Amino acid sequence: MDPEAVPVFQSMRRIPLPLEQAVAKKIDELLKRGIIEIKTGPTSWVSPLVVVAKVNGEPRLCIDLRCVNEAVLREHHPMPVVDDYIARLRRGSIWSKLDICEAFLQVELAEESRDVTTFMTNRGLFRFKRLPFGLVTAPELFQKAMDEILAVCDGTYWYLDDIIIEGKNIEEHDSRLEKVQ
């Protein structure tokens, strides 16, 4: 965080009454899975929870991190150019595509970074233990983690949570796929 930044405490946004029970259930699920935790003690940054209904009626919990994002010092990890991957894919004849579920949530936040993800609900304050979607640095941090993990995997190309594995034949493809999994 920019040491010159003034922390911002934003007020809670009202959750639509028809979504309150579903939001409470989602918060309980995130707590149980270790993605968020109850925030205790003082905090400088608090962002509001924004609830958006998905097509299936399930709530999507979003945090309005715009004020936090203005104060975040970015690492600026290089992001790949998709056209480069497309040009390379012509080397194989068999491909698999993997998509990482809840990709950013696979990255644990350092203890000292968690307070800036604090958000307010009618049940109190919570903070993320995992990298939340909406944090300006999330794509770069996730791409960096993927670069470190998959750099040793031949015939493998990735962009954020999408991974493509190719092989000239089924044996080469399956060997590479096994290494990624």
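The values are calculated or read from the model by the stated rules, or taken from the named source; none is laboratory data. Remember, it's a predicted structure, so these values are computed and weren't measured experimentally. All Cβ positions, glycine included, derive from the backbone under ideal geometry; neighbour counts span all protein chains shown. We work out accessible area using only protein heavy atoms, side chains counted, and drop any ligands, DNA or RNA first. Shrake-Rupley method; radii C 1.70, N 1.55, O 1.52, S 1.80 Å.
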Solvent exposure of the chain as accessible area per residue, Å², 1.4 Å probe: 60
The chain, accessible surface, carbon-and-sulfur percent (1.4 angstrom probe): 54
Overall form of region 43-102 per C-alpha gyration tensor (a/c, 1.5; a/b vs b/c): oblate
Contour excess over end-to-end distance, with Cα ends at Lys54 and Arg14 and 0.36 nm allotted per residue: 12.6 nm
Computed helical MRE - 222 nm, the chain, DSSP H runs ≥ 4 contributing -39500 (n - 2.57), nearest 500: -8000 deg cm²/dmol
Rounded to whole Hz, the Karplus (6.51, -1.76, 1.60) HN-Hα couplings of region 84-90, x for glycine and proline: 5, 5, 4, 5, 6, 5, 6
Cα gyration tensor shape of region 136-181, rounded if a/c is under 1.5, else prolate or oblate by comparing a/b with b/c: prolate
24 Å Cα-Cα reach of Lys97 towards lysines, excluding residues that sit fewer than 8 places from it in its own chain: Lys144, Lys168, Lys179
Dipole moment magnitude, nearest 20 debye, region 69-124 about Cα centre, only Lys, Arg, Asp, Glu C-beta charged: 420
Label-reachable residues, region 85-115, where backbone N falls under 15 Å from a point 7 Å from Asp154's Cα toward its Cβ: 91-93
Separation in nanometres of the label points that stand 7 Å from Cα toward Cβ, at Ala5 and Ile170: 5.2
Lys, Arg +1 and Asp, Glu -1 on Cβ, resulting dipole of region 28-114 about Cα centre, debye, nearest 20: 380
